[in-house]
Amino acid sequence: MNEIAPRSGIRERIGLRPIINVSGTMTALGASIVVPEAVAATTAILPEFVEINDLHRHASRAIARLTGAEAGFVTASCSAGVSLTVAAAMTGADLARIEQLPNPAGMRHRVPIMLGHMVGYGAPVEQAIRLAGATVVPFGQATDVRPYQLRAALDDATAAAMFVVSHHCVGYGQLPLAEFAAICHERNVPVIVDAASEYDLRGFLAAGADLVCYSAHKFMGGPTAGIVAGRKDLVRATFLQNMGIGRGMKVGKESILGTIAALEAWERRDHAGVRRTEQAALDHWRARFGALPGVHVALEPDPTHNPLDRLKLSVDPSTARITAWELADRLASGAPPVIVRDHEVEHGYFFLDPCNLHPGEAAVVADRIVAELDAARSGPGSNREPASARRERRFSRLLSWPD
Ligand SMILES: *Cc1c(COP(=O)(O)O)cnc(C)c1O
């Protein structure tokens, strides 16, 4: 493994902890390592004036080229993309309607979504839909959805249908996108896909989506922004929301150009080389943890089929003398702090995500985990705090912000 690369020290200077992220592209952790091309582009454009709608035209062409869509638009975030594309489906290019939102009187306003897709990413996806003034129409059961349920949810007041791609969605019993889109298109209802974290820039449109929303700051390593790609009339109507509810979600020149730079860097990226680096981290971890008492490790493919694996680390507290969530807490509170992917930790495991590591950090993560497990085995034993109590404790810490 490489030595830790020299870094700016910006976090230490302002009193922030120098965390190592093996959790994933999380807003709460600063999303991703922005690629050098996007850093250079944002820096270059910041001191310059631009005709912003020409910059948006430039972005539309770049997005269209990379996604195969007719047009594209850069938004403040994927979540803003969801709100603005729903608004677009409600208003079309009618400026009076655009100014009228979020009051939907006289417009198609219903947005069906499968119950198993009603997830959160720090905020509820259904709220991003309602923000446009739309009415969310959940259908199906969480784990079982049938075509007739979608057909019944579509009516003359339906503006669009929402389809979410996320590891948080129920992973079985859902309608596949192609079938979902075909049923919606029988009634001329456009399909909006929230594909915030997906690497695949073309597949959802190819499967029938009319609009797809991505995050620029996740896998792509762009600045904080969202990308909307799809049918030109709908993308135009999304852009026109800048004169309405989109104003409070505006994106600046630096994020527009930075997003284009990240998209173009994504196109040129040595994806196989990145995968090899991630695999080297996973192999290193597996070798270091494989024989530790009370620990079981396994590679786990990404649940939404992005081309990446994570290491699943399960902890048997009777042998390891620590629960998985205590281990996660000790890793996060030690030096350097290591933040693991712990959203399923109540089951006794967490994941290590290799996608956001700086050179040398994989070995530091391994050292920290081995050291904490060694200390736990020779220590006083688990504090026996239930996972639910830990969850509550962490949440109340959030509510006391800014203290
Ligand atoms: C992260 C995420 C979002 C939010 O993306 P932002 O660009 O941060 O707004 C929306 N939907 C899904 C499925 C996500 O994973």
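Counting only helices (runs of 4 or more DSSP H) wholly contained in the stretch 43-152, the ones carrying 1 or more residues that are within 16 Å of the ligand (Cβ to nearest atom), assigned by TED's automatic domain parsing to the domain that holds Asp200 and aliphatic (A, V, I, L, M) occupy 52-67, 78-91, 125-130.
Of the residues in the stretch 215-233, at least one is surrounded by fewer than 22 Cβ atoms within 10 Å (Cβ to Cβ), more than 19 Å from the chain's Cα centre (by Cα) and not in a loop (DSSP other than H, G, I, E, B).
Can you confirm whether Ala262 is modelled with pLDDT of 95 or more and within 16 Å of the ligand (Cβ to nearest atom)?
Details: modelled with pLDDT of 95 or more: yes; within 16 Å of the ligand (Cβ to nearest atom): yes.
So Ala262 fits the description; yes.
Taken together, the residues in the stretch 76-101 that are within 12 Å of Ala128 (Cα to Cα) and not small (Gly, Ala, Ser) amount to 5. When the stretch 164-210 is filtered for residues that are within 18 Å of Ala87 (Cα to Cα), of a type in the set (Asp, Glu) and within 16 Å of the ligand (Cβ to nearest atom), only Asp194 remains. Of the residues in the stretch 368-382, not one is farther than 22 Å from Gly294 by Cβ and hydroxyl-bearing (Ser, Thr, Tyr).
Out of Thr224, Thr277, I need the residue that is of a type in the set (Ser, Thr, Tyr) and away from the ligand (no atom under 16 Å from the Cβ). Which one? The unique qualifying residue is Thr277.
Suppose the filter is surrounded by fewer than 18 Cβ atoms within 10 Å (Cβ to Cβ), away from the ligand (no atom under 16 Å from the Cβ), without any contact (Cβ under 8 Å) to a residue 12 or more places away in the chain and not in a loop (DSSP other than H, G, I, E, B); does Ala40 pass it?
Taking the combined requirement at face value, the residue does not satisfy it.
Looking only at the stretch 241-253, residues that are assigned to a helix (DSSP H, G or I), in contact with a Leu (Cβ under 7 Å, 6 or more places away or on another chain) and buried (at least 19 other Cβ atoms within 10 Å of the Cβ) come to 3 in all. Answer yes or no as to whether Ala281 is farther than 23 Å from His167 by Cβ, out of contact with any Phe, Trp or Tyr (no Cβ under 7 Å at 6 or more places or on another chain) and either of a type in the set (Phe, Trp, Tyr) or part of a helix (DSSP H, G or I) (or both). No: the conditions fail for Ala281. Can you confirm whether Ala28 is loosely packed, with under 13 Cβ neighbours inside 10 Å, within 16 Å of the ligand (Cβ to nearest atom) and assigned to a helix (DSSP H, G or I)? Yes, satisfied.
Here is the figure for the stretch 248-304: residues that are of a type in the set (Ser, Thr, Tyr) and assigned by TED's automatic domain parsing to the domain that holds Val364 total 2. Screening the candidates Thr224, Thr238 for the property of being within 19 Å of Val164 (Cα to Cα) and among the polar types (S, T, N, Q) yields one hit, Thr238. Only one of the numbered conditions (1) on the phi > 0 side of the Ramachandran plot; (2) in contact with a strand residue (DSSP E or B) (Cβ under 7 Å, 6 or more places away or on another chain) is not met by Arg321, and that is (2). Against the numbered list (1) part of a helix (DSSP H, G or I); (2) without any contact (Cβ under 8 Å) to a residue 60 or more places away in the chain, Val170 comes up short only at (1). For the stretch 294-401, the strands (runs of 3 or more DSSP E) that sit wholly inside it and include 2 or more residues that are over 30 Å from Phe204 (Cα atoms) are 295-301, 309-315, 338-340.
Test Ala206 against the criterion of being under 30 Å from Pro176 (Cβ atoms) and touching a residue at least 40 places away in the same chain (Cβ under 8 Å), and give yes or no. Steps first, answer last, please.
On the way: under 30 Å from Pro176 (Cβ atoms): yes; touching a residue at least 40 places away in the same chain (Cβ under 8 Å): yes.
Yes.
The values are calculated or read from the model by the stated rules, or taken from the named source; none is laboratory data. Remember, predicted model here, so these are calculated numbers, not experimental data. So basically every Cβ, Gly included, is an ideal-geometry build from the backbone, and we count neighbours across all protein chains shown.
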